[in-house]
Structures are given as C-alpha cells and as structure tokens.
1. Quickly run through the range 94-137 and pick out the residues that are touching a helix residue (DSSP H, G or I) at 6+ places or on another chain (Cβ under 9 Å), more than 22 Å from D45 (Cα to Cα) and either in contact (Cβ under 8 Å) with a residue 60 or more places away in the chain or open to solvent by less than 50 Å² (accessible area, probe 1.4 Å) (or both).
2. Could you look through the range 62-84, keep only residues that are aliphatic (A, V, I, L, M) and open to solvent by 50 Å² or more (accessible area, probe 1.4 Å), and pick out the one that is nearest to L105 (Cα to Cα)?
Amino acid sequence: MASKQASERPKKPRANHAVGRQRIRRKKAITMDTGRIHLGVKEDDFLAAVIELATLCHWLVYHTYDSRRSQAGFPDLVLVKPDKLIFAELKTAKGTVRPAQKEWLDTLAAVSIDQSQIEIYLWRPDDWDGIVKILAG
C-alpha cells in the first residue's frame, strides 16, 4: 500500500531542454542576446560565454578542459577560421596573469609570420564589446 501511495503522488513536470537552458543562462553573469556583462563574472562563466559566441560565429574552438597534464601557461582558447588564428587567455577583472601565461602570450605575439592572420589576446570581462566585434567581424 505504501508503494501505491507513492505512485499516486503527482509528479513534478519536467522542464524541456530549452527551458532548462534559458534558466541556466539567466544565472550566468553574461547575457548573450543583450551583451550585458557583470564585472564580477567567474572565469568559467566568462569562458563559456566566449566559447558560445565563437561557436555561433563559426569559429573552430579548442580549450583544454583539464590542464593538469598540459604545458603550464598555454592560453585558454585557440580559435580558428580559414583566414585567422586567435590565441586568447581569459581572466576575471582582478585575475592575475601568471609568469608562464605571460611567457606564452609574449612568445606567440613575437612569432614572425603574417601577423594579420594571428592574433594574441588577454581578455577580461570588460573587453566583452571588443570580443564580440573581433569574433563576429
């Protein structure tokens, strides 16, 4: 009888995938459709928003999700289109660039090939408008 009562309880309606995604997006500190950004955004949320934007703008995106076995300091993102290659390190508004990260960014920026096709960035949340212009342009 106890099991019968349990099965008669009304079940919570399940949210469909789209509704669930919208709810998650509202919790993010970056809103893709309005371009609003909060300066206190967490680096993971900032990274997710940049990846989402790049994907929507048809960039191939590479991010090492578990960097413990990777070379120290390698940039967070590698973004590729047929005519452009971007290396980007992402930091929060107050995030510190470690010496290994600075070395990678400086060395990549010093590569002597057609610089119009390779771009190196250190992006922070307050750079959002510029990131949108770069990735959408």
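The values are calculated or read from the model by the stated rules, or taken from the named source; none is laboratory data. As the structure is a prediction and not an experimental result, all values here were calculated from the model. Glycine gets a Cβ as well: all are built from the backbone with ideal geometry, and neighbour counts include every protein chain shown. Note: areas computed on protein heavy atoms with side chains; ligands, DNA, RNA excluded. Shrake-Rupley method; radii C 1.70, N 1.55, O 1.52, S 1.80 Å.
1. Within the range 94-137, I118, E119 qualify.
2. Ranking the candidates gives A72 first.
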